[in-house]
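Read the figures in this text as sums done on the coordinates, not as results from a lab. None of these values were measured; they are calculated from a predicted model. Neighbour counts are summed over all protein chains in view; Cβ atoms, including those assigned to glycine, are modelled from backbone coordinates with ideal geometry.
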Amino acid sequence: MRTDYKHLLVERAEGVVTITMNRPEVLNSFNDIMLDELIEVAQEVGRDEAVRCVVLTGAGRAFGAGQDLSGFGAAHANGEPLKVSEHLKKYHQLVYTLREMPKPVIAAVRGVAAGISCNIALACDLRIAADNARFIEAFARIGLVPDGGGGYFLPRLVGLGKAMEMALLAEEVNGKEAERIGLVNKCVPLEDFDAFVATLAQRLAQGPTRSYGYIKELLYKSLDSDLQSSLELEGALQDKAFATADHKEGVSAFLQKRSAKFTGI
Ligand code: LHQ
């Protein structure tokens, strides 16, 4: 895996890949290069079976501040035709990649997560917030709609009423409140944040990776399917899970009253 990215730091340790968005001087807002690099590395870690958990985070005091807006003022002033929906297709590629990779992805949010950066965090499987986290669906502040999957993820995570409030008022939601409303899984004190995320990532990396991939597929597909389809999918996925070495190991470990040693196969 290449590590010479311009705007990402990529570290690999014991089955965990940590991807750090690294433009701290602009709060890790997305430019084209960082977006392309993130898509590339996400696709790569998704394919790499030795990678069993992925952490996405931001350098410095932010997770991310959304699209880099610095070029937008000039573009609007010059009347340059910006085909935003074309540009968004790249973000959509990233969203699909995060959701579909058959291993857990943790968004580790320290500081602000605004605009499309906030919604990329929502596309991840788990979200851990530091107690200085600030989630902002900033779009209405600049006359836009939530993008990057925000219109899909937000009501599914926090319910329609709260999602509408966050999108219309575009106010900050802090880490504790984010935990209370279900926007994040856990809010932890900043001083404990790195250790907490590392422990969680290691735990997931030592888990039954195939089963985690099937769990993602089952739960995500359930959001858009009826009971019958979900039960059919459950059967098909359980057939696959049942055939894994990790399932056999899990049962053996239970019967022998010892901890399971999962290999991810
Ligand atoms: C930034 C940015 C930024 C450039 C902070 N860009 N420099 C839209 C259109 C098309 C396609 C794709 O998708 C999208 C979706 C979007 O994401 S739209 C939403 C874009 N994001 C925003 O509207 C948020 C803009 N930023 C802010 O409102 C604030 O910076 C927040 C609330 C995030 C943080 O506030 P503070 O903690 O007070 O930090 P700051 O404002 O002082 O920012 C620090 C620096 O970062 C500052 O630069 P400077 O040179 O003054 O130190 C900012 O200009 C820069 N920065 N966000 N998105």
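Would you be able to say whether some residue in segment 210-231 is touching a residue at least 60 places away in the same chain (Cβ under 8 Å), basic (Lys, Arg), touching a Lys or Arg at 6+ places or on another chain (Cβ under 9 Å) and closer than 20 Å to Pro104 by Cα? Yes, segment 210-231 has at least one match.
Please tell me if Leu9 is in contact (Cβ under 8 Å) with a residue 40 or more places away in the chain and either more than 24 Å from Ile128 (Cα to Cα) or of a type outside the set (Ser, Thr, Tyr) (or both). The answer is yes for Leu9. With the condition kept exactly as written, say whether any residue in segment 166-175 is in contact with a Cys (Cβ under 6 Å, 6 or more places away or on another chain) and in contact (Cβ under 8 Å) with a residue 40 or more places away in the chain. So far as segment 166-175 goes, yes, one or more of its residues are in contact with a Cys (Cβ under 6 Å, 6 or more places away or on another chain) and in contact (Cβ under 8 Å) with a residue 40 or more places away in the chain.
If you take the residues in segment 66-103 that are touching a residue at least 60 places away in the same chain (Cβ under 8 Å) and crowded, with 24+ Cβ neighbours inside 10 Å, which one is farthest from Glu44 (Cα to Cα)? The residue in question is Gly66. Yes or no: segment 24-33 includes at least one residue that is in contact with a Pro (Cβ under 8 Å, 6 or more places away or on another chain) and within 11 Å of the ligand (Cβ to nearest atom). No, segment 24-33 contains no residue that is in contact with a Pro (Cβ under 8 Å, 6 or more places away or on another chain) and within 11 Å of the ligand (Cβ to nearest atom). Listed residues Val145, Val173, Val112; which is of a type in the set (A, V, I, L, M) and within 17 Å of the chain's Cα centre (by Cα)? Only one candidate qualifies: Val112. All conditions in (1) in contact (Cβ under 8 Å) with a residue 24 or more places away in the chain; (2) closer than 21 Å to Met21 by Cα; (3) more than 10 Å from the ligand (Cβ to nearest atom); (4) part of a helix (DSSP H, G or I) hold for Leu157, with the sole exception of (2).
Go through segment 89-121 and give me each residue that's out of contact with any strand residue (DSSP E or B) (no Cβ under 8 Å at 6 or more places or on another chain) and hydrophobic (A, V, I, L, M, F, W, C). Scanning segment 89-121 gives Leu94, Val95. Look at Leu88 and say whether it is near the ligand (Cβ under 9 Å from one of its atoms), of a type in the set (A, V, I, L, M, F, W, C) and over 19 Å from the mean Cα position of the chain (by Cα). No.
Going by what's in this entry, would Asn185 be described as out of contact with any Asp or Glu (no Cβ under 7 Å at 6 or more places or on another chain) and closer than 30 Å to Gly250 by Cβ? In short, yes. The lone criterion from (1) farther than 23 Å from Lys221 by Cα; (2) more than 16 Å from the ligand (Cβ to nearest atom); (3) among the hydroxyl-bearing types (Ser, Thr, Tyr) left unmet by Ser70 is number (2).
Of the residues Ser211, Ser229, the single one that is in a helix (DSSP H, G or I) and under 26 Å from Ala50 (Cβ atoms) is Ser211.
The single condition among (1) in contact with a Lys or Arg (Cβ under 7 Å, 6 or more places away or on another chain); (2) not in a strand (DSSP E or B) that Val197 does not satisfy is (1).
Applying the set (1) free of Cβ contacts under 8 Å to residues at least 60 places away in the same chain; (2) more than 19 Å from Phe30 (Cα to Cα); (3) of a type in the set (A, V, I, L, M, F, W, C) to Ala59 leaves exactly one unmet item: (2).
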